1. Kindly indicate the residue of the range 87-119 that is touching a strand residue (DSSP E or B) at 6+ places or on another chain (Cβ under 8 Å) and of a type in the set (Ser, Thr, Tyr) and also surrounded by the fewest Cβ atoms within 10 Å (Cβ to Cβ) among those meeting that condition.
2. If we scan the range 62-70, do we find a residue that is within 20 Å of PHE157 (Cβ to Cβ), touching a Pro at 6+ places or on another chain (Cβ under 9 Å) and among the acidic types (Asp, Glu)?
3. Quick check: is even one residue across the range 33-56 within 18 Å of ASN131 (Cβ to Cβ) and part of a loop (DSSP other than H, G, I, E, B)?
4. What is the residue count in the range 181-197 for residues that are surrounded by fewer than 20 Cβ atoms within 10 Å (Cβ to Cβ), polar (S, T, N, Q) and in contact with a helix residue (DSSP H, G or I) (Cβ under 8 Å, 6 or more places away or on another chain)?
5. Mind checking whether some residue in the range 112-119 is farther than 16 Å from ASP160 by Cβ, in a strand (DSSP E or B) and hydrophobic (A, V, I, L, M, F, W, C)?
6. Out of the range 26-45, which residues are in contact with a strand residue (DSSP E or B) (Cβ under 7 Å, 6 or more places away or on another chain) and either modelled with pLDDT under 95 or not aliphatic (A, V, I, L, M) (or both)?
7. I'm checking my understanding of the structure. Among residues of the range 1-25 that are in contact with a Lys or Arg (Cβ under 9 Å, 6 or more places away or on another chain) and part of a loop (DSSP other than H, G, I, E, B), which one is nearest to GLY156 (Cα to Cα)?
Amino acid sequence: MKNILVFATTNFGKEKEIRTILGKIENFELKFLNQFNEMKIEPPAEEGSSFEENSLIKSRYYSKFFSEHFVASEDSGLMVEFLNGAPGIYSARINSLKTDEEKVELILKMMNGVPINKRDAKFVCVVSLVNPFGEIEVFKGEIFGKISFEARGKNGFGYDPIFIPDGEFRTFAEMSEEEKNSISHRKKALLKLKEHLIWKR
């Protein structure tokens, strides 16, 4: 009988990447919150002061509803050095802006006139896992790069159109899904999760 891994996210872009990156995990069946809509679970308030704290808030919260399963959650975002790490943990809800386009436009406006050597940034992803025994594991992934001078590309989501990974000239949004997923912060964290599930379940 397979274990069930419930990944607690309702973000379609993240769900797509998670499903692709994790692929098949031996002895596990991957499920997402939208497969349990009939439970009508209200999301928790993300009041942590770090990606790790917010990830743990979500995984611990949802594990109460899925106590017989493995429950994972992630928190991720963009940190811009010139902006003292902003938008950081507020990446998804900066200034109460609704659309990705508005958020991208705001960052570009805040970075207007900043030279390339001061446009360093990084994407961070923290995945936390609660197993059926209540034990917790945390996995982190980062990728470093720079903020572009304009939004470029149509792929991906979030801040992908303005993030250029180190060693690249294209933004995440100009890369194919396969190219982005081969180097991203989310891949690095998720592969650590997958390795843990395979070898330490």
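1. It comes out as TYR90.
2. no
3. No - not one qualifying residue is present in the range 33-56.
4. So the count comes out to 1.
5. Taking every residue of the range 112-119 in turn, none turns out to be farther than 16 Å from ASP160 by Cβ, in a strand (DSSP E or B) and hydrophobic (A, V, I, L, M, F, W, C).
6. Of everything in the range 26-45, those that are in contact with a strand residue (DSSP E or B) (Cβ under 7 Å, 6 or more places away or on another chain) and either modelled with pLDDT under 95 or not aliphatic (A, V, I, L, M) (or both) turn out to be ASN27, PHE28, GLU29, LYS31, PHE32.
7. Ranking the candidates gives THR9 first.
Condition check ((1) surrounded by fewer than 23 Cβ atoms within 10 Å (Cβ to Cβ); (2) not in a strand (DSSP E or B)) across all residues:
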{"residue": "SER59", "(1), (2)": "no, yes"}
{"residue": "GLY85", "(1), (2)": "yes, yes"}
{"residue": "VAL127", "(1), (2)": "no, no"}
{"residue": "GLY134", "(1), (2)": "yes, yes"}
{"residue": "GLU137", "(1), (2)": "yes, no"}
{"residue": "GLU142", "(1), (2)": "yes, no"}
{"residue": "LYS146", "(1), (2)": "yes, no"}
{"residue": "GLY153", "(1), (2)": "yes, yes"}
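The values are calculated or read from the model by the stated rules, or taken from the named source; none is laboratory data. All of these numbers come straight from a predicted model, not from anything done at the bench. FYI the Cβ positions are ideal-geometry reconstructions off the backbone, even for glycines, and counts take in every protein chain you see.
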